[in-house]
Amino acid sequence: MDFSLGGTGTNDNDDTYDVQGIGIDDAALIAYWNHTNLLQSGAQYADARAGSIAAATLLFGACSNQEIQTTNAWAAVGVGTPSTCAVTGIIDNMDNSPVLYPNPATHTTTLSFARAGHRLVQLYSLDGALVQRIENNHATSVEISTLQLPQGIYMVRIHEAGQVITLKLIKY
């Protein structure tokens, strides 16, 4: 089963599964981060499962749809159990959905919101290092400097009213 596409069925253990696809980009990012940062020589399936779930959690947030579907995909192939998360940590229907532009960015990018609010914006490199931390107090936009950053993919995590949304930022 390709967890980037999802699927339903019954596995060889007679366990039923229902995995929603997360898309090839998110699946590749999780796999890459796991393979380059977590897995060690001699890793077993249980290690690969734990690493990919940890990568999904770091990149997209605890109980994000990506973490839930990664966990469920491993259960679908008979390694571990399905996710026990009841809700997603990424806001899919947020009425104040942020827009990140330009993306890809060279010098700066702007995070724009439909309404003002208090929020914390954090920029992480793919190795999990916090690169920038910006407190946003009741503004409708945040400017993020990318001038000094090396080229690559970064994760922008926005904390607002007890919820978290994660966006990908590409620096070129």
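The values are calculated or read from the model by the stated rules, or taken from the named source; none is laboratory data. Quick caveat, the model's predicted, so the values are computed rather than measured. Don't worry about glycine lacking a Cβ; one is built from the backbone with ideal geometry, like all the others, and counts go over all protein chains shown. Quick note on the areas: whole protein, heavy atoms, side chains included, nothing else; ligands and nucleic acids left out. Shrake-Rupley method; radii C 1.70, N 1.55, O 1.52, S 1.80 Å.
Brief remarks follow.
- In the chain, the DSSP beta bridges split such that about 95 percent are antiparallel, to the nearest 5.
- Solvent exposure of the chain, expressed per residue, is 53 Å² of accessible area, with all protein chains present and a 1.4 angstrom probe.
- Evaluated over segment 130-172, the Cα radius of gyration and Dmax, each in Å: 11.4, 32
- Taking every DSSP helix (H) stretch of at least 4 residues in the chain, weighting each as -39,500 (n - 2.57) and dividing the sum by the residue count yields a mean residue ellipticity at 222 nm of -8000 deg cm²/dmol.
- Computed from the Kirkwood radius of its Cα pairs, the Stokes-Einstein diffusion coefficient for segment 36-80 at 10 °C and 1.306 mPa s stands at 150 µm²/s.
- Charge dipole (debye, nearest 20) of the chain; +1 at Cβ of Lys and Arg, -1 at Cβ of Asp and Glu: 660 debye
- Solvent-free Debye scattering, log10 I(q)/I(0), computed from the Cα coordinates of segment 1-87 at q = 0.20, 0.21 Å⁻¹: -0.88, -0.96
- Extension gain, VAL99-ASN11: 0.36 nm per intervening residue step, less the Cα-Cα distance, totals 27.7 nm.
- Calculated FRET value between TYR45 and ASP25, using beta carbons and R₀ = 35 Å, to 0.05: 0.90
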